[in-house]
Amino acid sequence: MIDEKELLDLCDHAVTLGVEKGADQIEAIAQFKSELETEVEQGEVSSVNRIMGNEIAIRVFVEKRMGSAFTNIATKDSVSEAVSLALQAAKAANPDDDFVSLSKPSEYPSIPGLWNDSIITTDPGQVVNEVVEIVKRGASHKDLVPAMASSGANAYLVAYANNNGVRHAEKTSIGYGFLAAIAKTESGVTPMVFAVDIGRGLDIRKEAIVHEVAEILDMCKKEVMGKSGRHTVVFHPRALLQLLQYTLVPSIKGENVARGKSKIGDKIGEQIASEKITLYDDGTHPKGIASSIADDEGVARQKTTVIDRGVLRSFLWDTYWGNRMGVSSTGNASRNMREGLIEIKSTNIVIEPGTRSIENIISDIDYGYYIQNVQGAHSSNPESGDFSIVGNPAILIEDGKKVGQVHGLMVSGNAFDLLKQVGEIAKEPHYLQGIIAPEIVFSDTSIIAKE
Amino acid sequence: MFDLLERALERTRDLKASYVELRGEDGFIEYLQMDDGRISALTQRIERGCAIRVLADGAWGFVTTGDLENLDGAIEDAYSIAKAAAPTRKEPIELAEINAVRDKVKSSAKEDPRNVSVEEKVDYLQDTMNVIRDYDERITAVTLKMRNASGEKFLLTSEGTRIQSPVNLVWIYPWVTGKDGTRLSAARYEEASTHQGWEFMKETATPEFIGEQVAKRVKLQLDGVPAKGGSFPCVMGPRVIGVLAHEALGHLAEADLTVNTPFNGRIGEVVAAEDVNMIDDGTYPGGLGTTKYDDEGTPTSRVEIIKDSVLTELMTNREYAAKIGQRPTGNARAESYLYPPIIRMRNTMFEKGDYVYDEIFEDIDFGYYCADFRGGQAQMNASFQVGVQEAYEIVNGEVGRPVMDLSISGIATDALFKIDAIAKEDFPFELGRCGKGQTAYVSSGGPTIRFSKGGITFGGKE
């Protein structure tokens, strides 16, 4: 296994060579990943998979013409070849007069606990045992049928260098457990319900995973009819994240703002959401799974206040679009290593909690729906914010009680209108991949129930 | 590469594994993206690697590596991680028998995209961009994505299979934004071939064709009226009925998923209205999901999922064929050497009926005609959702005003019984990508089909 210092040496080699060969600007990013994961089908471990390898991406600019290249072979010879290919590609490209510069050195944050040695020292047998235990505990619940499950131990080493003097290397680890299960109902089966516990090490909270799945399935076993109209809707953060990822998040990406593709691109300083909403993108959150010291351009991760008590404060930027619009990168560059595309991506969306527990909030709802997950968020219109999704599972709340699951319940509207309809935010955040937020209650939301 | 893999396989003879499979890949892949005339990505790469799957003591070990010099170590690793899983199984995994095949499949592509200059590809993108920009002055932003691939893949198994197959791909995907006053909207389109080379982009997916397809959809969005919410009689055109075949039904008939769905245990039962036939066909000539063999070496086939309204057959790989006592249908597919093969669809479609196209609309006082979609998603309880980016009102039997973004949903097992008219027309296929943890290029289609009220719910806003 290559270490992060060797990866940084390869990046330095690429940068030195690129400059020698005529690049005005050059950057190299090198990653090593080792992913060990188990797969469970129909209650039994069917496969253990190991995906291991190096990925090295080069990007050069020659007279503002960009070229990029990729290799999966971590040797100086191969990297040299990739530098030549990138230079060759740059010759074929049109000049981009708006290109200013690659990233400049920044001060890196200190984030504790991004790496846990147990991820690479653990025997595959132990990773298998974790998932076997999850399935065993799941199957011990009445009516719970484990459908899929997984456990994993992943290590990521990354290094970045460019000829502006940015040099950085770091390592992060991920350990997780996952269970998806169904239960039989009177008319068929419940939707597949899942829960994940994800952290930096292999200390997976197996009982918490099983408890969450069993609790949702219990709510789904009884099937009830819904009512069309405008109702109160509670979104679990896993459902909310999906909706936001395809509506609000594209609108706060600096590139979309710059290209006129954001509905809120001219609304900085304006009230765009309920004053109950304070929303950050925080790439430095110690409990955030997307946290790291630097982004894929070697820029320091940061906490960016996007919405402060309903007022739009900032968008998210990478180096190119930040330079182009005269603002600093917010450390949100994400690189598709094999395809060479750099995009602005959110890290951990953090929504500030409210004061009451979700149980208390639900007990005060006379009629409404608790949306645990959604189908079809990706078919929303990211430009207009219009969405029309299926809540699944969608739990009917009547007289403060969760009474059963509604089949085929559609929730439709516009995400920017929805953000103004926040009734209340629960107090306990859920730490999920991509979002750290509690449940959020929206009032007066358009519901179409299957007839 | 064949020799390298052959030698590595030879050395596994002493391994106490019941099955060893090596899938090698040696190919050229490129990705280009143009945003409003700016090239934002242009990467060409040569990718070489190998996927190793070992069945030992009844469990799988899978390792993927780009280090072809150290295949022995990777095979050992796959064997040992399979052994780590095996003691936890009650029943060992078994594979349905297939005949070992030795074959070299030739590429049908005429013009290898590897040999086409970058300048020509950039010109293609620029031309497409111009067509889109010129279509309507309200078009404000255009992103074009292009992916091309060519190469070879190799399958060697301890049972004696030796297959060399071509890897071909040309793919173009525009995403276009329009603005009218404060109203923003967007549409997308997609064309691809896995059988033709660059000639497909010159003769079929031309800049004029692609540009017009996407730009007209943005225009319709900007001109559209809001959809109503609720259930209405509706007509689904070939592109939408195809995605319903795929999302709403196809996934339920993938044998690894079926056990958790309402289709479980229902082979031989009536699951749809009269005259409904639905198939997945891996042999359909020129189909985006068509190959001669799957990634386990099983010849692909036509799977009659619903025949005369009866659930007849599921899509399988070798493992699930053995598990459910059905034939291996050739549906095991892997995106690349970075992934293990799993059960995937290929070309999924409803078959033709006996209605004349115009008759289908005649009896509808008010309803919707859905012509094109944007994304869809299925759940194991047969709940489906499909985003619709091109739809029209039907008023008194006539197709009328365009409708803004909406989505439709339903419970597939109920909706199948609400089909009450199927056109006897030839139909085009919708070409796209399916995500099931890894990407597969698939096509889907069907004739124009009518659903009576109660089959499909419209997620409108009124």
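Read-outs throughout are calculated quantities, based only on the coordinates presented, and are distinct from any laboratory measurement. The shown structure was predicted, so the numbers you read here are calculated from the model rather than taken from an experiment. Cβ placement follows ideal geometry from the backbone for every residue including glycine, while neighbour counts extend to all protein chains displayed.
Please compute the Kirkwood hydrodynamic radius of region B:2-223 from all pairs of different C-alpha atoms, in Å with one decimal.
20.4
About the Cα centre of region B:2-223, how large is the charge dipole given +1 on each Lys and Arg Cβ and -1 on each Asp and Glu Cβ? Please answer in debye to the nearest 20. Could the numbers behind the result be given before it?
Working: 31 positive and 40 negative charges, 99 e Å.
Once rounded to the nearest 20, the dipole reads 480 debye.
With +1 on each Lys and Arg Cβ and -1 on each Asp and Glu Cβ, and nothing else charged, work out how big the dipole of region A:222-451 is about its Cα centre, in Debye to the nearest 20. Can you show the working numbers first?
Working: 25 positive and 28 negative charges, 47 e Å.
With Lys and Arg at +1 and Asp and Glu at -1, about 220 debye.
Using θ = phi - 60° and the Karplus curve 6.51 cos²θ - 1.76 cosθ + 1.60, what whole-Hz ³J(HN,Hα) does each residue of region B:50-66 get, with Gly and Pro shown as x?
With the stated coefficients, region B:50-66 comes to 9, 9, 10, 10, 10, 9, 10, 6, x, 9, 8, x, 10, 9, 10, 8, x Hz.
Extension gain B:Glu203-B:Asp103, at 0.36 nm per residue separation less the Cα-Cα distance, in nm?
32.9 nm
Rounded to the nearest 500, what is the 222 nm mean residue ellipticity of the protein assembly as shown from helices alone, with -39500 (n - 2.57) per DSSP H run of 4+ residues and division by all residues?
Value at 222 nm, helices only: -6000 deg cm²/dmol.
For chain A, compute the orientation-averaged projected area of the C-alpha convex hull (one quarter of its surface), in nm².
Reported value for the Cα convex hull: 21.9 nm².
How would region A:192-294 be classified by its alpha-carbon gyration tensor: rounded, prolate or oblate, with rounded meaning a/c under 1.5 and the a/b versus b/c comparison settling the rest?
oblate
Give the long-range amide H neighbours of B:Gly330: residues separated by 5 or more places, or on another chain, with amide H under 5 Å away, using H modelled in the peptide plane at 1.01 Å from N.
B:Thr316
If you line up the Cα atoms of the protein assembly as shown on their principal axes, what length do they span on each, largest first, in Å?
72, 66, 58
Using the 10 angstrom Cβ neighbour count as an exposure proxy, how do B:Arg327, B:Arg217, A:Arg50 rank, fewest first?
B:Arg327, A:Arg50, B:Arg217
Which value, in debye to the nearest 20, describes the size of the charge dipole of the protein assembly as shown about its Cα centre when Lys and Arg Cβ atoms bear +1, Asp and Glu Cβ atoms bear -1, and nothing else is charged? All intermediate terms of the calculation are to be shown ahead of the outcome.
Values: 98 positive and 136 negative charges, 189 e Å.
That gives the protein assembly as shown a dipole magnitude of about 900 debye.
List the residues whose amide H sits under 5 Å from the amide H of A:Thr185, counting only those 5 or more places along or on another chain, with H placed 1.01 Å from N in the peptide plane.
Correct list: A:Thr190.
Which ³J(HN,Hα) values in Hz, rounded to whole numbers, follow from the phi angles of region A:299-309 under the Karplus curve 6.51 cos²θ - 1.76 cosθ + 1.60, where θ = phi - 60° and Gly and Pro get x?
Computed from phi, the couplings for region A:299-309 are 8, 4, 5, 8, 9, 10, 7, 8, 10, 10, 6 Hz.
So between A:Ser443 and A:Met325, what do we pick up on full extension, going 0.36 nm a residue minus the alpha carbon distance?
Between A:Ser443 and A:Met325, full extension yields an extra 38.8 nm.
With r defined as the distance between the Cβ atoms of A:Ser334 and A:Ser110 and R0 fixed at 25 Å, what FRET efficiency is calculated, to the nearest 0.05?
0.70
Taking R0 as 51 Å, what FRET efficiency do you get between A:Glu428 and A:Glu451 from their Cβ-Cβ distance, rounded to the nearest 0.05?
The pair A:Glu428/A:Glu451 has a calculated efficiency of 0.90.
Remind me, what semi-axes does chain B give for its equivalent ellipsoid, largest first in whole Å, using sqrt of 5 times each Cα gyration tensor eigenvalue?
Listed largest to smallest, the semi-axes of chain B are 40, 30, 17 Å.
Quick one: Karplus J couplings for region B:301-317, per residue in order, coefficients 6.51, -1.76, 1.60, θ = phi - 60°, nearest Hz, x for Gly and Pro?
My calculation for region B:301-317 gives 7, 9, 9, 8, 5, 10, 10, 6, 6, 9, 5, 10, 8, 10, 7, 9, 10 Hz in order.
If the chain between B:Asp127 and B:Glu159 were fully stretched, how many nm would it gain, using 0.36 nm times the residue separation less the Cα-Cα distance?
Working: separation 32, 0.36 × 32 = 11.52 nm, distance 5.03 nm.
The span from B:Asp127 to B:Glu159 would gain 6.5 nm if fully extended.
Name the long-range amide H neighbours of A:Arg356: under 5 Å, sequence gap of 5 or more, or other chain; modelled H, no Pro or chain starts.
A:Lys427
Work out the mean other chain Cβ neighbour count within 10 Å for the residues of A:337-347 and drop it here as an integer. Before the final figure, lay out each step's value.
Details: counts 2, 6, 11, 10, 9, 2, 3, 0, 0, 0, 0.
Neighbouring Cβ atoms belonging to other protein chains average 4 per residue here.
Nearest 0.05, what FRET efficiency do A:Lys136 and A:Glu63 give at R0 = 60 Å with Cβ-Cβ as r?
Rounded to the nearest 0.05, the efficiency is 0.45.
Once you sort the root eigenvalues of the Cα gyration tensor of region A:4-215 as a ≥ b ≥ c, which label holds: rounded (a/c under 1.5), prolate (a/b larger than b/c) or oblate (the other case)?
Here region A:4-215 falls in the prolate category.
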